1. Tally the residues that are crowded, with 17+ Cβ neighbours inside 10 Å and more than 20 Å from A:Pro304 (Cβ to Cβ), restricting the search to the stretch A:472-489.
2. For A:Thr442, state whether it is within 22 Å of the chain's Cα centre (by Cα), assigned to a strand (DSSP E or B) and free of Cβ contacts under 8 Å to residues at least 40 places away in the same chain.
3. I need the full set of residues from the stretch A:399-431 which are assigned to a loop (DSSP other than H, G, I, E, B) and closer than 27 Å to A:Thr255 by Cβ, in order please.
4. For the stretch B:21-78, which positions are among the β-branched types (Val, Ile, Thr) and crowded, with 21+ Cβ neighbours inside 10 Å?
5. Working only within the stretch B:48-65, note down all residues that are of a type in the set (D, E, K, R) and either touching a residue at least 40 places away in the same chain (Cβ under 8 Å) or within 14 Å of another protein chain (Cβ to nearest Cβ) (or both).
6. If you check every pair at least six apart or on different chains, which have Cβ atoms under 7 Å apart with a residue in the stretch B:136-151 that is touching a residue at least 12 places away in the same chain (Cβ under 8 Å) and within 14 Å of chain A (Cβ to nearest Cβ) first and a residue that is among the small types (Gly, Ala, Ser) and in a helix (DSSP H, G or I) second?
7. Residue check, A:Gly431 against (1) surrounded by fewer than 16 Cβ atoms within 10 Å (Cβ to Cβ); (2) under 22 Å from A:Asp483 (Cα atoms); (3) of a type in the set (Gly, Ala, Ser), all met but one. Which one?
8. Quick one: in the stretch B:6-42, which of the residues that are more than 8 Å from every other protein chain (Cβ to nearest Cβ) and of a type in the set (Gly, Ala, Ser) is nearest to B:Ile74 (Cα to Cα)?
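The values are calculated or read from the model by the stated rules, or taken from the named source; none is laboratory data. The structure presented is a predicted model; accordingly, all values stated were derived computationally and were not measured. Cβ placement follows ideal geometry from the backbone for every residue including glycine, while neighbour counts extend to all protein chains displayed.
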Amino acid sequence: MEQRLREELIDEKMYPSEQVWENIRTEIHGNTAWPALSFTGLFLIIILTIFTVYNYPPKKIIDNPNYSAAQNKALIDRKENRNLTDNTKPMVMEEDLRSQMDPNHYTNKAFEKIKDSATVTAVVVVENKTILTNNLIAIKSHIDIEPNTSPIKNNKSIIAYQLTDATNNQNLTNSKDGNTYSNHSADLSMNSLSKDLLKSIKNKVKTKNTDSATTASLNPENENPVEDSYLKDFGYEAVKNKKQLSRWAIQYYFTPSVSYRKLADDEIRLNYMPSVTTSSITNVPILSANSQPTSINTTVRHTPALGIELGSNILYTLTPIFKLKTGLQFNIREYFIDASQSFGIATIAFVQNNRLDSVTMFSTLGNNINGINSTKINTKLYQISIPIGFQLDLIQGKKLGISASASIQPTFTLNKNVYMLSTDYKFYTNGADFFRKWNFNTSADLNITYKIGDLKWSVGPQIRYQHLPTYTDIYPIKEYRWDYGLKIGVTAPINK
Amino acid sequence: MTEQAIIAGCLQNDSTAQRELYNRYSPKMLSVCYRFAQNREDAEDMLQDGFIKVFTQMHTFQNKGAFEGWIRRIIVHTCINFLKKNKKFNDNIDLANAQNLYIKEETVPSIMLGKQVIECIRLLPMGYKTVLNLYAIEGFSHREIGDMLDIEESTSRSQYTRAKAMLETILIKRNIIEKPKEDFNWLAALA
């Protein structure tokens, strides 16, 4: 009886579920690290770094409470002084100067830069006695040295700036060097110097422009400096209202897309099969070119499914029509394989060191050639990509436009829900062991854009192509994927 | 892949080689586990533990004897340890209660012969089943079985005798084997 039992049962086979191997592999090799967290962290660090660099240096002095108090006091004093109808009071436009000049850089050098810039010819800065004196002298000397030349060269504006009224006793703290500067010492000579300067400017303006409205606008009773026609004449308004165009923009988009694939095994069929004799074909399960005259794509069937791409890009404008972009993108790609429920051993031939070898795998999914016991295999993949590319604004109308963009996308696949075809085309089996986690995709799209306010909406077709085969090079059947999608996005400028 | 290539790959912790080894031997080994286990889930747990030991103890394989035999011994020991750990021997019953087992028999699917025999073996009480599996199918001696199960060698023998008798009964009842014809008793006929 023992002999009979042994013969009957010793080679008996049962097939374990796929989960058993997954558990064993996890136990031996550990869990695959989920990289999405790292990617997200990296992305946030990049964004924060860009914004930090972009906004550097911080405007410390403006946040200084002493400075704010001094500003408020100065505004009140200015209004009071205007009510006194003192025509010789210098104009105060600290907001403009702030936009032109960083408080940490109130130096002679910075002053000279602003003075020579396209929008400002002269600036009077009253922050401390030294700077005030130097700057005033500089401006004064500039005017005096060129008596025959208008200081309003090229219609440049003149902005006079006084942080505090020199006649008031107002303390200021420069947060950068920690020294306290007092305008208490800014005596009447300083004030008279300011008055002299303004008078000088006024006289020159008068000689340049005899328009009575212009001179009248110098009257400080005009509460709103923006509406001051004197300033209008010197292009002040343009300086005040003109928004600084940012080179940076952020784009959000999503792309519903359908995935297709193409299989290719011609290389191995042509290179290896001629050397394989007919008798050994069963051992090396690759269908020869003779036995399988048609393409592999005619023996497998798959149904495209809807996937999606979600992403965000940072755009940097190099020229008015050319932008560089990079960002982070999350993809879901999916298609269904038509298979059948059947039971067998899937044999996979593979090429290693220019030799053909094979592995066997248990399979419950057959290639659905006859349509019997049909079932669908879902191959949903989750991916993280880093698109790096450019955008061309081909046509830019007032509202409508056309743009094209392209990017190359290093892509990491987070899961391994893939099924590969046995090399005799009979079965599908889990392809996780042969799966290529890193891949490269190229994406190109053509969009119609429409501006609504600062936002630019875009919609257009997109194609995305996977460059490397889904499986590693040892698997002889190469699978290439591509997606057709409709990209919908919105781009917003990042204002300074 | 050749067996040597698989072993070499497994020694280098290569997942492809490990997968190939698993694909090649797991069906047979699951059948072994299933004969010891109470259900398929337990059998898969045993298989999982067994293959983890196979992969982690691969360096101990001396290339003496069959590789499959080495794996089989690891799997069998894993099954025994699993049963001990989960105290599966506690529900042991003796031959007197064997008739109750026929109630369970109705749930056993009737499939091909090898599978039928396995299902009949699985109907045996745990102690009987284990001894029968180890002695009749896996080829362990009663001394080895005694050491493995922490029982006396004589206990193993008696358990096996009873297990065999019970299995024969089940096999006959299910028409898998024929009932042996009794020898003609001439003395009784003449009386």
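1. 3
2. In short, yes.
3. Listed by number, the residues that qualify are A:Lys399, A:Leu414, A:Asn415, A:Lys416, A:Asn417, A:Val418, A:Gly431.
4. Correct list: B:Val32, B:Val54, B:Ile71, B:Ile75, B:Val76, B:Thr78.
5. Within the stretch B:48-65, B:Asp49, B:Lys53 meet the criteria.
6. Taking only residues 6 or more apart or on different chains, the pairs are B:His142/B:Ser156; B:Ile145/B:Ser156.
7. The number of the failed condition is (1).
8. B:Ala37
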